[in-house]
1. For B:107-117, what's the mean count of beta carbons from other chains sitting within 10 Å of each residue's beta carbon?
2. Placing +1 at every Lys and Arg Cβ and -1 at every Asp and Glu Cβ, with all other atoms neutral, what dipole size does region B:3-296 have around its Cα centre, in debye to the nearest 20?
3. A:ALA11 to B:GLU41: FRET efficiency via 1/(1 + (r/R0)^6), r the Cβ-Cβ distance, R0 56 Å, to the nearest 0.05?
4. What average count of beta carbons from other chains do you get within 10 Å of the Cβ of residues in B:89-96?
5. Would you mind checking the radius of gyration and Dmax of chain A based on alpha-carbon positions, in Å?
6. Once you average over the residues of B:147-160, how many Cβ atoms of partner chains fall within 10 Å of each Cβ?
7. For B:ARG210, B:ARG218, what's the fewest-to-most ordering of other Cβ within 10 Å of each Cβ?
8. With unit charges on the beta carbon (Lys/Arg positive, Asp/Glu negative), name the residue among A:SER207, B:SER298, B:PHE212 whose Cα is farthest towards the positive pole of the charge dipole of the protein assembly as shown.
Number of protein chains: 2
Amino acid sequence: MAHKQHTDALAAAMAETARLVEAQLDALLPVPETAEAKLIEAMRYGVLNGGKRLRAFLVMEVASLFAVNKTCAARVAAAVEMLHAYSLVHDDLPAMDDDDLRRGQPSCHKKYDEATAILAGDALQTRAFEVLAEPDTHDDAEARCELVLALAAASGMRGMVGGQMIDMESEGKQLTGAEITRLQALKTGRLIQFAAEAGAILGRASSAQRHFIAAYGRELGGAFQIYDDVLDEIADAATLGKTAGKDLAQGKATMVSILGLERAKAQAELMAEQAAGHLESFGEKADLLKALARFTVSRKS
Amino acid sequence: MAHKQHTDALAAAMAETARLVEAQLDALLPVPETAEAKLIEAMRYGVLNGGKRLRAFLVMEVASLFAVNKTCAARVAAAVEMLHAYSLVHDDLPAMDDDDLRRGQPSCHKKYDEATAILAGDALQTRAFEVLAEPDTHDDAEARCELVLALAAASGMRGMVGGQMIDMESEGKQLTGAEITRLQALKTGRLIQFAAEAGAILGRASSAQRHFIAAYGRELGGAFQIYDDVLDEIADAATLGKTAGKDLAQGKATMVSILGLERAKAQAELMAEQAAGHLESFGEKADLLKALARFTVSRKS
């Protein structure tokens, strides 16, 4: 396929995944008629708020390489989105990043209140692990445990939350390139890598296949994060009266502040190419995943 | 054994469990030399803060009925304590109950800061699920998944967090006895019931045995919560210048405000007796668990 065709096919496939995973989220978070309804409404508000559903797409597209049942993959995709949403709801809290808006809408604690947002984030995390462990997700309990362990490793004290802690602690400090790379790998990269690996776990992929998928996810996560820094810089430069990006303004070191804009962009593109390269052995079946790697470093937001 | 002997044996066994589970927590939460060390220190501060370790004791004592390996049981006990600690760390936050003290020490957000306390609570929850899913906890993946599912059900949107939401929403409202019973069953009872059931899951108990253990846990959880309300009233009545309990002062309805002190106390004692009654078929092996039920409704704090 030509590049343009790939881009169109990717956009269509991502839209289809978003539709599927949102239907799954809707089913996994039914609003009860009992007094805790507000909690579940706040959870739904946090997770059913649009977004590209990049992580969900990764789960489902990798799962499709191994002919995984689509409903099973959609459940895991929904769990990753719940985990991601919990981290955003808590990140936006006044004591954390103090963001009033999320994708142009009031953030969860503005729409509801702080206590509700704390509890909604807490319960989204719980529900994510619950969904992974449910028999409907996979008929093999070993695979379900593996999913729980991989998500916990990606999101807990040695993953995303550990990265958030380092991020907070390093405001105003001068980090080295290696320190930024580790911080970003923890904070964002590991959950993206989990999303890719989850598809392979569901598909009971061979260890060689697992190796390639993990490498793809790792490079993709790195490319995604560096390009996020690039976007932060580009977007703000285009905004009248602001010359530095938000992260720079907050005193956060990024790969852009270390490498400069052009070299950071080139680094992200290189990692995206390397990501795609790890999928060679899967042939054409992996074309959309390769297109996703290129999309990651050419997106506008 | 006479009553006094039971009480002494219970105190000794609870102290021994506390020692064991704290050693396990210490091992499960090693402080790294990397930049996220502060996060793990805050997690340790939240969970290694004394306490009666009632939930841990329940796990280990029920597990001992089924001759479960002690290290496996201690891991699950540690996971329950981590889950419980996460809920306390988040409950104490300014946006929630706004408590500066926990067991006479600064609460986690006072010792550290709010952002660290939010993240430490988040990571304690993750670690709890991770420990349950690890192969060292049980050699059967089905049992591990069952533990994850049971903890998620007890602590998530249809359990503890759901109960906290109802509790917040009902401040200043007049709840019925049935509504209070449901609220308390969710908020406190279900995690206590989980602790008892976890021992039976680890022991691959028969469904009849599971039934008795679940019934014991349910009645014990109810007795515990009602007696907490009783203690809240008694303790505050003894405090100079305060005539009503803290919950009453906050406009929260409790079983004491509905039933009055004496009838609430009698209700807790009845439930404790019923809890003990469910263990008849286990004979003398269950003596400490029966003593625990009586202790629950005669403790001073």
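1. 2
2. Once rounded to the nearest 20, the dipole reads 500 debye.
3. The computed FRET efficiency comes out at 0.75.
4. Average neighbour count from other chains, rounded to a whole number: 4.
5. Cα-based Rg and Dmax for chain A come out at 18.8, 56 Å.
6. Shielding by partners across B:147-160 averages 6.
7. B:ARG210, B:ARG218
8. Farthest towards the positive pole: A:SER207.
Every number in this text was worked out from the coordinates using simple rules, so none of it is lab data. For clarity, every value in this text was computed on a predicted model and none was experimentally measured. Cβ coordinates were reconstructed from backbone atoms using ideal geometry, including for glycine residues, and neighbour counts include every protein chain displayed.
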